[in-house]
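*Asks:* Let me give you the structure first, and then I'll get to my questions.
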Amino acid sequence: MNPSLPIRLVLVELLVASACVHPSLPQMTAEAHVAESARHRQAAADEEKQYDPGARRAAEIRGPFSEIMTPTNPVPENPTVHHLRAADAHLRAAEQHDAEAKALSAAEENACHGLTAGERQACPLWTAVVRTAEETAVGVRLTLKPGVNGQALAAGMRCHLAHGRAHGWDGGCPLVVPGASVVLGAGTLEIRGDSARSVAAIQAEARELFGPPPPLAGVGSR
């Protein structure tokens, strides 16, 4: 076996993996995963076309003892077999993207079951239903006005968040940011972030919508 082939295979695996890194995207949408899967499958097909099952490596034994030496590998590896390995790496990447796309679509369907595409895209939260907004360590806590159906509001928020994760964040909906989650309390609705970045984004939107948070007790009273 050509000692360079394992190194070449490792390089192929690294190239395939690096091709799927999207540092500018916090999360790929289901459509983006499907597109990446198709790209990998096309790359796999292109690699398979370069495999020649009839190719044989020409190896010559030379030197003063060539007549008594025997090859260490009597069946030399096909010199084009690395194309099949590259194709397999692309197919594995495609399967991962397919699985991610299915998971995002399933999560959206679970959160939005029975709702139309228009309802899933509609903004579920408006400032008119909120009485006060308070910042917490992980986001904001909204106190809802009397008569507001908190369960329906929380369900709408969860659906819209799942829709955003699956299809992208088009903006415009209050407190709907990547990484947010919703926790319903007694007359309250908490919007929590899963990272310092998402918490900061949630709180920044809350300040813009509801004004700066109230000062802590005792602060500025002197």
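*Asks:* Filter region 103-118 down to the residues that are out of contact with any His (no Cβ under 7 Å at 6 or more places or on another chain), in contact (Cβ under 8 Å) with a residue 12 or more places away in the chain and of a type outside the set (A, V, I, L, M, F, W, C) and list them by number.
*Replies:* Passing the criteria: SER105, ASN110.
*Asks:* Are any residues in region 122-136 touching a residue at least 40 places away in the same chain (Cβ under 8 Å) and surrounded by fewer than 16 Cβ atoms within 10 Å (Cβ to Cβ), and if so, which ones?
*Replies:* From region 122-136, those touching a residue at least 40 places away in the same chain (Cβ under 8 Å) are 123-127, 130, 132-136; that's our starting set.
Residues satisfying the conditions are CYS123, TRP126, THR127, THR132, GLU134, THR136.
*Asks:* Could you pull out the residue among GLU47, GLU36 that is within 19 Å of the chain's Cα centre (by Cα) and at pLDDT 90 or above?
*Replies:* Details: GLU47 fails: within 19 Å of the chain's Cα centre (by Cα).
It is GLU36.
*Asks:* Then there's this: Keeping to region 104-160, report how many residues are polar (S, T, N, Q) and touching a helix residue (DSSP H, G or I) at 6+ places or on another chain (Cβ under 6 Å).
*Replies:* The first filter runs over region 104-160 and keeps only residues polar (S, T, N, Q), leaving 105, 110, 116, 121, 127, 132, 136, 143, 149, 151.
After this cut, where a residue has to be touching a helix residue (DSSP H, G or I) at 6+ places or on another chain (Cβ under 6 Å) as well, the list is 105, 127.
Summing the residues that are polar (S, T, N, Q) and touching a helix residue (DSSP H, G or I) at 6+ places or on another chain (Cβ under 6 Å) in region 104-160 gives 2.
*Asks:* So which of VAL219, VAL183, VAL199 ends up being farther than 26 Å from ALA32 by Cα, at pLDDT 90 or above and not assigned by TED's automatic domain parsing to the domain that holds HIS33? Explain how you work it out, then say what you get.
*Replies:* Details: VAL219 fails: at pLDDT 90 or above; VAL199 fails: farther than 26 Å from ALA32 by Cα.
None of the others qualify; the one that does is VAL183.
*Asks:* Is region 73-80 home to any residue that is in contact with a Phe, Trp or Tyr (Cβ under 7 Å, 6 or more places away or on another chain) and surrounded by 14 or more Cβ atoms within 10 Å (Cβ to Cβ)?
*Replies:* Kept after step one, since they are in contact with a Phe, Trp or Tyr (Cβ under 7 Å, 6 or more places away or on another chain), are these residues of region 73-80: 80.
In the following step, the residues that additionally are surrounded by 14 or more Cβ atoms within 10 Å (Cβ to Cβ) were identified as 80.
Yes, that holds for at least one residue.
*Asks:* While we're on this one: Quick one: would you say VAL81 is modelled with pLDDT of 55 or more and outside the structural domain of HIS163 (by TED's automatic domain parsing)?
*Replies:* Details: modelled with pLDDT of 55 or more: yes; outside the structural domain of HIS163 (by TED's automatic domain parsing): yes.
Yes: the conditions hold for VAL81.
*Asks:* While we're on this one: Among the numbered criteria (1) in contact (Cβ under 8 Å) with a residue 24 or more places away in the chain; (2) assigned by TED's automatic domain parsing to the domain that holds VAL199; (3) surrounded by 13 or more Cβ atoms within 10 Å (Cβ to Cβ), which single criterion is violated by GLU100?
*Replies:* (2)
*Asks:* Just for strands (runs of 3 or more DSSP E) wholly inside region 137-217: which have at least 3 residues that are crowded, with 20+ Cβ neighbours inside 10 Å? Steps first, answer last, please.
*Replies:* Numbers: elements: 139-144, 180-184, 188-193.
Ranges flagged: 139-144, 188-193.
*Asks:* Looking at VAL148, VAL177 in this structure, which one is of a type outside the set (Gly, Ala, Ser) and modelled with pLDDT of 90 or more? Give the derivation first.
*Replies:* On the way: VAL177 fails: modelled with pLDDT of 90 or more.
VAL148 is the lone residue from the list that is of a type outside the set (Gly, Ala, Ser) and modelled with pLDDT of 90 or more.
The values are calculated or read from the model by the stated rules, or taken from the named source; none is laboratory data. Owing to the predicted nature of the structure, the values given are computational and were not obtained by experimental measurement. Positions of Cβ are generated from backbone atoms using ideal geometry, with glycine treated the same way; all protein chains shown enter the neighbour counts.
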